[in-house]
Each structure stands twice: as C-alpha cells, then as structure tokens.
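For reference, the structure discussed in these notes is given below.
Read the figures in this text as sums done on the coordinates, not as results from a lab. Nothing here was measured: the structure is a model prediction, and the numbers come from that model. Note that each Cβ is placed from the backbone with ideal geometry, even for glycine, and that neighbours are counted across all protein chains shown.
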Amino acid sequence: MTARLFIAAAHKSSGKTTVSLGLASALRARGIAVQAFKKGPDYIDPMWLGRASGSPCFNLDPHLMDGAEIDALFARESAAADLAMVEGNHGLFDGMAVDGGDCNAAVAKRLAAPVLLVVDVRGTTRGIAPLVRGHLAFDPALRIGGLILNRVGGARHEARLREVLAHYCPEVPVLGAIHEQPLLALTERHLGLMPAAELDDADERIGAIAQAIAAAVDLNAVLALARSAAPAARATTVARMPACTGSPAGERVRIAIARDRAFGFYYPDDLQALQASGAELVFFDALHDVQLPACDGLFVGGGFPEACMDALAANVALRADVKRAVEAGLPTYAECGGLMWLSRSLSWQGRRVPMVGAIPGDAVMQPRPVGRGYMRLRETAGMPWPGGEIAAPLRAHEFHHSRLEAIDPGVRFAYTVERGHGIDGRHDGLLVHNLLASYAHRRSTTRDAWAPRFVAHVRLCRATQLAHAA
C-alpha cells in the first residue's frame with residue numbers, strides 16, 4: 001500500500017507550499033518515489049510540485065469531481081509511488097460547504113491520509129496551544145499526526161513553542177521547526193506564485209528549499225507518519241474518463257496546444273482525457289514558433305500572457321498564422337490567457353500591444369481581480385460542441401485580472417453565468433467562427449466531459465471540411 005500524507009495549514013499563506021516542495025524534493029533525493037497532488041482548483045502550485053517530485057501533479061477537487069472520481073484518480077496515479085503527498089488549499093477546515101464536505105479535512109479523511117499540519121508561529125508562544133487544541137478537537141474523526149512549525153523566530157522561540165506544545169498537546173508531535181529564512185520565499189505576483197516555467201533557476205530554488213527543509217524537519221518521522229496510514233475504506237477502482245461519442249467515431253485528430261512561458265495552465269488529466277478520446281497532442285511555443293504545427297484543432301489554456309506581452313506581440317508571423325487558421329474555421333478552444341492572446345490587443349501598465357486579432361474585443365488588465373473563484377454556467381443553444389444534453393449547470397472556476405472590452409455587439413456566447421463573472425457578468429464562452437473562448441476553466445470529469453466533447457467537435461469540423469472539399 002502506498003504511504004499517504006496530507007499537508008495542510010491552519011490558514012492560507014502559512015507556508016505549506018514551501019514545506020510541500022521541500023519535502024517532495026528532499027524525499028525524492030533519498031530515492032523515494034513521490035506522487036504529488038493538490039487539493040482544489042490550482043495550476044501554479046502543481047507546476048512547482050511536479051517539478052519537485054519529478055512527475056506531474058494532479059488536482060483533487062471535491063467541488064468539480066465526485067468522490068468516486070477522486071478515489072480513482074488518487075489510486076491510479078499513486079499506484080507506482082512510494083509516497084502519495086497531497087497539499088491542501090486555504091485552511092484545513094476551509095471550504096464552500098457549511099458542513100465541511102468539500103474542505104481539506106474531508107478529502108484527507110476520504111483518502112485515509114494522516115495530516116501534517118503547518119502552523120505559522122510568527123508572533124505567538126503560549127497562544128499556539130489553543131490553536132492546535134482547537135484543530136485537534138474540531139473533527140475527532142480526522143487524524144492530525146504531526147506539526148511543522150514555520151517561520152520560527154529563533155532558537156529561544158522554538159524552545160518555548162516546543163515546551164508549550166509538549167505540555168498542552170502531547171498527543172501530536174512536532175516533526176519540524178523551520179526558522180524564518182529569506183531563501184524560502186517564493187516569488188509571487190497578482191495570481192499567486194510565479195510559475196516555475198518562467199524562472200530559469202526554478203530547480204536551484206527547489207534544491208535550496210529542500211536542503212533547508214531537510215535540515216529543519218525529521219524526514220524519517222514524516223515518512224513513518226505517512227506509512228502509518230490506515231487502508232482507505234472506499235473502493236478505489238482505477239478508471240479513466242469514458243470517451244464521448246462523436247461522428248465519425250474513432251478517427252484520431254491532431255490538436256495543437258500552446259505550452260511555454262506564457263501558457264501553461266493545463267490539468268494533466270485533462271490532457272490524458274484528450275488523448276484517451278482520440279487526440280494526438282502536439283505542443284508549440286507561442287513566443288518563438290513562427291507557425292502552427294499541422295493540426296485539426298487548437299487549444300490555448302491559461303497563463304500569464306501579460307508577462308510575455310512584448311514577445312507575443314513580436315511574433316507577428318505566428319499571430320497572423322493563427323488568425324488565418326481561426327478565420328478559416330479551425331476548431332479552437334481558449335481559456336482565460338488564451339482568450340487574451342486571441343483578442344485584438346492586450347493592455348497592461350499603461351501599454352497596449354497587438355495580439356492575434358481573432359476575437360473582436362480587447363483584453364485590458366485591471367488592478368484587482370475581475371473574476372475569482374468557482375463558477376456555475378449553463379450552456380446556451382449556441383454551444384457548438386456535441387453531447388451537450390446536460391440539464392444541470394456546469395461547474396468551473398475563474399481567476400482573472402483582465403476584462404474583455406469593446407466587444408463586437410453581434411457576438412454569440414456559449415454560456416450564461418449563474419455564479420461568477422465570466423466575460424461580462426452575465427455571459428461567457430465567446431463564439432466566433434469555430435472558436436470558443438472563455439474566462440472559465442473547465443475540468444474534464446464525469447460531471448463535465450469537455451475534453452471528449454471537444455475532440456468530437458474537432459472530428460465533426462474536419463469531416464465537414466473534407467466533405468466540402470470533395
């Protein structure tokens with residue numbers, strides 16, 4: 001049975017990502033095969049965790065996935081690992097549901113993973129005791145098996161904290177105490193951490209963090225805690241998403257995907273779902289490649305095009321090639337950053353540069369988030385993808401600082417927004433030619449099989465073009 005560990009915190013910004021990165025890298029250096037997971041909707045932390053562990057990090061999201069799907073994904077991807085490590089989001093008991101059904105603690109219990117609780121101890125000594133005692137007592141069914149004290153002020157501070165916890169919380173051991181160190185800080189900007197792909201020294205930073213964590217944390221005790229996990233009570237059938245039926249069924253299609261410093265927000269299991277549905281994925285660099293690879297469809301995910309706006313604008317040849325392809329009917333799906341790139345222009349920090357121009361609108365960065373959090377969408381009659389006979393609204397998520405302005409009033413939309421903001425607070429999923437572009441990030445699950453539907457759409461578009469050519 002694979003050892004399991006859930007790394008959580010009392011509240012967000014406690015340092016659990018740094019701890020998770022350091023543990024994954026330090027244990028990997030010991031020859032431990034680590035499979036990382038991230039709870040909730042997130043692209044950036046999983047990039048770092050995947051880099052540290054040496055394999056793609058997968059998201060476990062109880063709002064977008066059903067329980068059986070979480071079980072299956074966790075079992076499938078951790079089967080070959082020595083340690084399955086899940087990093088939580090926000091605080092241990094934070095979530096949308098009042099009953100806590102979607103919080104970190106609920107996922108940890110579902111996976112029978114003991115919790116390693118990271119506690120930011122700045123400015124506290126004896127006050128750490130009621131915080132830890134409260135976490136231990138709040139859900140007796142949850143096993144909190146160890147503590148990591150983070151941002152400790154020095155040796156005297158550490159000694160006092162250990163003394164207090166040994167007296168008031170003797171049942172939970174302190175497995176590490178990390179002193180405040182500038183080298184442990186990861187670069188942040190408006191959407192959180194800077195993606196690892198944008199930093200030339202990402203591996204060096206991870207290595208330095210791993211050394212600091214290995215020096216401050218009892219790695220043997222952490223492994224022992226993970227190996228003490230009880231067997232999961234639920235069946236964990238190893239299953240993959242069923243393919244969506246489409247005509248002509250079974251024919252493979254080539255889907256080009258932008259993956260580079262500007263665009264990298266892709267869920268690994270979404271890419272797996274595209275492949276399982278019959279797509280060959282071919283990746284390209286929107287900053288340097290001068291033309292699209294030969295393809296039947298195009299997918300441009302989210303990212304930070306604003307951070308690479310000059311390089312994107314300078315790649316005139318690719319922008320022109322993509323615009324021609326979209327206007328010629330290339331089936332295209334774009335999320336958030338992809339929408340921004342396909343728009344007429346991008347404005348940020350007082351500057352405006354041209355983008356692809358396939359979308360009749362201009363992306364303008366705002367000082368504060370425009371849309372943030374989970375979304376609830378309902379597909380309109382204009383949705384072009386097959387297989388949309390779903391009465392229930394779709395669940396997705398968004399996090400964007402840009403707004404699409406000066407939109408052609410004649411455009412159609414694929415979604416009405418019931419929760420969230422989308423493009424204008426009421427609509428999302430702009431439709432032009434065979435392009436669907438939205439601020440919503442969808443997750444291909446049993447609840448929303450977008451990946452096989454998009455592949456089916458690509459097949460149908462190709463069949464139509466071939467029929468017209470004949």
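Farthest toward the dipole's positive end in region 253-469, which of F263, L394, P354, given Cβ charges of +1 (Lys, Arg) and -1 (Asp, Glu) about the Cα centre?
L394
With the cut-off at 33 Å, report for region 253-469 the share of all Cα pairs above it, as a whole percent.
Percent of Cα pairs beyond 33 Å in region 253-469: 7.
Could you give the C-alpha radius of gyration of region 1-80 expressed as a fraction of 2.2 N^0.38 Å, taking N as the number of residues it contains?
Taking N as the residue count of region 1-80, the ratio is 1.07.
Neighbour counts of other C-beta atoms within 10 Å: give me D428, D102 arranged from fewest to most.
So the ranking, lowest neighbour count to highest, is D102, D428.
Assuming R0 = 60 Å, what is the FRET efficiency of A317 and F138, from their Cβ-Cβ distance, to the nearest 0.05?
For R0 = 60 Å, the calculated efficiency reads 0.55.
Treating only the Cα positions of region 394-470 as identical point scatterers, give the base-10 log of I(q)/I(0) from the Debye formula at each q in 0.15, 0.18 Å⁻¹.
-0.63, -0.84
Tell me the label-point distance for the pair A221, R419, using the 7 Å Cα-to-Cβ offset, in nm and rounded to one decimal.
So the label points at A221 and R419 sit 4.0 nm apart.
For each of R4, R372, count neighbouring Cβ atoms within 10 Å of the residue's Cβ, then give the residues from fewest to most.
Least crowded to most crowded, the residues run R372, R4.
Given a cut-off of under 8 Å on Cα pairs at least six residues apart, what relative contact order in percent is computed for the chain?
Answer for the chain is 14 percent.
What list of ³J(HN,Hα) couplings, whole Hz, do you get for region 369-386 from phi and the Karplus terms 6.51, -1.76, 1.60, once you set θ to phi - 60° and write x for glycine and proline?
x, 8, x, 8, x, 6, 10, 10, 10, 10, 5, 8, 5, x, 4, x, 6, x
Amide H of A84: which non-local residues (sequence gap of 5 or more, or other chain) have their own amide H closer than 5 Å, using H built in the peptide plane?
Under 5 Å from the amide H of A84 lie the amide H atoms of A3, R4, L5, Q35, each far enough along the sequence or on another chain.
Taking the Cα atoms only, what angle lies between the long axis of helix 16-29 and the longest principal axis of the chain, rounded to 10 degrees?
In the chain, helix 16-29 runs at an angle near 80 degrees to the longest axis.
Once the cut-off is 39 Å, how many percent of the Cα-Cα pairs in the chain end up in the long-distance tail?
Percentage above 39 Å: 25.
Out of all DSSP beta bridges with both ends in the chain, state the antiparallel percent to the nearest 5.
40
Which of V107, V98 has the fewest other C-beta atoms within 10 Å, and how do the rest follow up to the most?
Ranked by crowding around the Cβ, least crowded first: V98, V107.
I'd like the orientation of helix 202-216 relative to the chain: the angle between its Cα long axis and the longest Cα principal axis, in ° from 0 to 90, rounded to 10.
Between helix and principal axis, roughly 20 degrees.
Given only helices, namely DSSP H runs of n ≥ 4 each adding -39500 (n - 2.57), what is the per-residue ellipticity at 222 nm of the chain, to the nearest 500 deg cm²/dmol?
It comes out at -9500 deg cm²/dmol, rounded to the nearest 500.
Using alpha carbons only, how many degrees (0 to 90, rounded to 10) separate the axis of helix 450-469 from the longest principal axis of the chain?
Compared with the principal axis, the helix lies near 20 degrees.
Give the span of region 3-227's Cα atoms along each principal axis, as three whole-Å numbers ordered largest to smallest.
Answer, in whole Å and largest first: 42, 42, 36 Å.
Can you tell me what share of the DSSP beta bridges in region 253-469 is antiparallel? A percent to the nearest 5 is fine.
The antiparallel proportion sits near 60 percent.
Please return the longest stretch of the chain lacking exposed loop sites, where GluC sites (Glu not before Pro) count only if DSSP places them in a loop and at most 13 other Cβ atoms lie within 10 Å.
172-388
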